[in-house]
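Beneath this line is the structure, given in structure tokens, with notes to follow.
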Amino acid sequence: MNEIYPMWVEAHGIMIVTPVNWYQVSSPIKLMMDRLVCADGGNPDPTATQGKDAKLAKALELEGWNYPRHLAGRLFSVIVHGDVEGAENVRRSLSDWLCYMHLEPAGPLAELDRYIGYWKPYALSHEELDADEAVQEEVRNAARTLVEAVSAKRAGKLVSAGRQLSAPRQK
């Protein structure tokens with residue numbers, strides 16, 4: 001998991017594609033979400049807590065530290081697919097989490113939730129996906145939207161309204 005932190009920090013755009021697992025994100029995505037707090041500005045010096053000493057961690061937090069939000073301003077696309085229920089809720093959850101870390105949606109076409117093989121046997125889901133050319137094109141459009149937004153932002157043509165405002169709360 002440690003190898004993904006630098007990739008997130010170096011990225012201009014991030015696309016997450018995930019299935020719905022029992023109304024939730026998949027366990028690898030959840031693990032990434034939990035651990036990305038460090039990349040977003042958590043404890044700047046993990047050695048300061050001498051491992052996982054709760055008293056030291058609490059004292060460090062109460063002293064306060066700069067919350068740099070290393071991921072702020074990056075653009076994102078989220079694609080969630082399911083076969084029964086929960087795709088819209090998982091997409092919203094991921095989008096809300098990314099926005100909380102001050103990443104920015106690339107555009108309306110960059111966020112997608114779809115059902116593939118709705119209420120059909122899981123064993124056939126790959127065949128259902130292969131046959132669903134419309135959803136394949138929607139995913140390509142989400143990727144194109146992300147690329148277009150990243151290009152516009154890097155060229156200085158995409159406005160990030162409110163980006164320079166200071167948040168009254170850091171957490």
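The values are calculated or read from the model by the stated rules, or taken from the named source; none is laboratory data. Just so we're clear, the structure is a prediction, and the values are computed from it rather than from any experiment. No Cβ is skipped: glycine too gets one built from the backbone with ideal geometry, and neighbour counts run over all protein chains shown.
Scan segment 126-162 residue by residue and report those that are charged (D, E, K, R) and in contact (Cβ under 8 Å) with a residue 60 or more places away in the chain.
If the condition is that a residue be charged (D, E, K, R) and in contact (Cβ under 8 Å) with a residue 60 or more places away in the chain, then Lys153, Arg154 are the ones that fit.
Summed over segment 83-125, residues that are free of Cβ contacts under 8 Å to residues at least 40 places away in the same chain, assigned to a helix (DSSP H, G or I) and closer than 20 Å to Trp22 by Cβ total 8. The residue of segment 1-28 that is modelled with the lowest pLDDT, among those that are more than 25 Å from Glu148 (Cβ to Cβ) and within 13 Å of the chain's Cα centre (by Cα), is Tyr5. Is there a residue in segment 150-166 that is within 19 Å of the chain's Cα centre (by Cα) and loosely packed, with under 13 Cβ neighbours inside 10 Å? Taking every residue of segment 150-166 in turn, at least one turns out to be within 19 Å of the chain's Cα centre (by Cα) and loosely packed, with under 13 Cβ neighbours inside 10 Å.
Annotation note: Cβ proximity below 9 Å between a residue of segment 46-67 that is on the phi < 0 side of the Ramachandran plot and a residue that is charged (D, E, K, R) and surrounded by 10 or more Cβ atoms within 10 Å (Cβ to Cβ) (sequence gap 6+ or interchain) occurs for Tyr67/Asp40.
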